[in-house]
Amino acid sequence: MAGSKINTIGVLTSGGDAPGMNAAIRAVTRKAINHGIRVFGIEKGYQGLLNGEMRELSAADVSDTIQQGGTILKTARSEEFKTEEGRQKGAQVLRDNGIEALVVIGGDGSYRGALELYKSAGYPVIGIPGTIDLDIACTEYTIGFDTAINTAMEAIDKVRDTSSSHERCSIIEVMGRKAGYIAMWCGIASGAEEILLPETYDFDEQKIINHITDIRKIGKTHFLIINAEGIGHSTSMARRIEAATGMETRATILGYMQRGGSPTCKDRFYASIMGAYAVDLLYEGKINRIVGYSKGDFTDFDIVEALEMQKSIPDYYVEISKDLVR
Ligand code: ADP
């Protein structure tokens, strides 16, 4: 490996928090220190950067964090950073503190901020995918997704038990913003009768009503609908379905519980590798890259190309989710 050209880096978490972010911060910190690079932890995302909220991290500072949910660096959204003046100020704060490159752990929006930081001020950046939504096109894995789907699945199982006892229809709304990955995974894993995805839902409630009516005729006494946050309106949907079918229907919106909790082994593992990988990129003199996981391996992409990529839920998954319901 090439000799170190960089002496000091910064790391921040931005946008929505995700379980496993601490494992990534820990890996960035320890890998950098192993390379003889100093690390500054910047608090509260880009807003904290603008306010100069940062501290140098030692290897001990990240002890006992790998199992913790949330982010020890806190996170925030920043309107000021979306302005040219804001980004110039951000770059100046970094340079004034001797920080030569910034590792950003977050989602698409955070990468856009990082790219604009480079474009506005020529400031070097590296992105690590941290979001429960799995909606980053260049990577098949994002930190936090695995914990979130397991948390949601366990909650769905519990609601399903009581729904079965009371012979109800349950609509359970899961997170994911505009993407349906959490809904698709949890829907298949819970054996849901209907999975409503922002990517494919045609807003035809009559089809759902007909499905419930048909399935009751063959002896099913409860019905599970997983609805994605990107569609929403679960409570009013429940009222309409109950009125049309006569089946007691309840909506449960899982909400922020899906963001919390101790990360799963998979999230800790992937976050650890990605955090270390990000530092190795900088150590090798590579900048403006996004770390990703694709086709069975860890890899990295040019940030501009990464932000132009598109991904969608495979039609085959949608087909299977319907095939398996009886
Ligand atoms: P996520 O990273 O989870 O997608 P957001 O979309 O909220 O979350 O973005 C996080 C932050 O990134 C924003 O609050 C803002 O400070 C910054 N950001 C997003 N888009 C841009 C942009 N086009 N230019 C500069 N900063 C941006």
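The values are calculated or read from the model by the stated rules, or taken from the named source; none is laboratory data. What you see is a predicted model, and the numbers here were worked out from it, not measured in a lab. Here Cβ is always computed from backbone atoms with ideal geometry, including for glycine, and neighbour counts include all displayed protein chains. With ligands, DNA and RNA removed, areas are computed over all heavy atoms of the protein, side chains included. Shrake-Rupley method; radii C 1.70, N 1.55, O 1.52, S 1.80 Å.
So here's what we get for this one:
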quantity	calculated
By accessible area with a 1.4 Å probe, ligands and nucleic acids excluded, highest first: order of Glu85, Glu194	Glu85, Glu194
Probe 1.4 Å, protein heavy atoms only - accessible area per residue of segment 146-259 in square angstrom	46 Å²
Förster-model FRET efficiency, 35 Å R0, Glu56 and Glu84, C-beta, rounded to 0.05	0.75
Straight-distance crosslink candidates among lysines, where the alpha carbon sits under 20 Å from Lys311 and sequence neighbours closer than 8 are dropped	Lys178, Lys295
Met54 accessible area, assembled protein chains, probe 1.4 Å, Å²	40 Å²
Computed over the chain, Kirkwood Rh from alpha-carbon pairs, angstrom	20.8 Å
Computed [θ] at 222 nm, deg cm²/dmol, the chain (DSSP H ≥ 4; -39,500 (n - 2.57); rounded to nearest 500)	-13000 deg cm²/dmol
Under the Karplus curve 6.51 cos²θ - 1.76 cosθ + 1.60, θ = phi - 60°, whole-Hz ³J(HN,Hα) for segment 114-129, x wherever Gly or Pro sits	5, 4, 5, 4, 5, 5, 6, 10, x, 8, x, 9, 9, x, 10, x
Most mobile of Ile149, Ile188, Ile226 in a GNM of the chain (Cα contacts under 10 Å)	Ile188
Fraction of antiparallel bridges per DSSP, the chain only, in percent to nearest 5	20 percent
Full-extension gain in nm, Gln92 to Ala243, via 0.36 nm per residue minus C-alpha separation	48.4 nm
Sites Ile218 and Arg77 - FRET efficiency at Förster radius 51 Å, r taken between beta-carbons, to 0.05	0.60
Selected from Gly176, Val28, Thr213, residue furthest toward positive end of dipole (the chain; charges at beta carbon)	Val28
Extension gain from Asp161 to Thr299, taking 0.36 nm per residue of separation minus the Cα-Cα distance	45.5 nm
Percent carbon-and-sulfur accessible area, the chain, ignoring ligands, DNA and RNA, probe 1.4 Å	49 percent
Other-chain or far-sequence residues with amide H under 5 Å of Asp300's (modelled H)	Gly292
Signed unit charges on C-beta, dipole axis of segment 1-92, positive-most listed residue Ala18, Ala60, Leu50	Ala60
Segment 146-259 - charge dipole about Cα centre, Lys and Arg +1 at Cβ, Asp and Glu -1, debye rounded to 20	180 debye
Cα-Cα separations in segment 18-59 greater than 11 Å, expressed as whole percent	65 percent
In sequence order, calculated HN-Hα J values of segment 7-18 (Karplus, 6.51, -1.76, 1.60; Hz; x Gly/Pro)	10, 9, 10, x, 9, 9, 10, 9, x, x, 6, 8
Shape call, segment 4-116: gyration tensor on alpha carbons, a/c limit 1.5	oblate
If the convex hull is drawn through the Cα atoms of segment 146-259, its volume per residue in Å³	86 Å³
Under-5 Å amide H pairs with Gly130, H placed in peptide plane, nonlocal only	Gly106, Gly107, Ile143
Surface accessible to a 1.4 Å probe, Glu205 within the full protein complex, Å²	40 Å²
Local net charge near Asp315, Cβ-Cβ under 14 Å (Lys/Arg +1, Asp/Glu -1)	-1
Radius of gyration and maximum dimension Dmax of segment 208-326, Cα, Å	21.6, 65
Residue-wise HN-Hα coupling along segment 57-64, computed from phi with Karplus coefficients 6.51, -1.76, 1.60 (Hz; x: Gly, Pro)	9, 9, 4, 6, 4, 9, 5, 6
By average C-beta atoms within 10 angstrom, highest first, the peptides 254-262, 214-222	254-262, 214-222
Distant-in-sequence amide H partners of Ile9 (H built 1.01 Å from N, under 5 Å)	Arg38, Val39, Phe40, Glu100
Extension gain from Asn7 to Lys266, taking 0.36 nm per residue of separation minus the Cα-Cα distance	90.1 nm
Binned Cα-Cα distances of segment 41-175, short to long, each 5 Å bin given as a whole percent	2, 9, 16, 17, 15, 13, 9, 6, 5, 4, 3, 1, 0
Rounded FRET efficiency, nearest 0.05, which uses the C-beta distance separating Phe203 from Ile320 and R0 of 35 Å	0.95
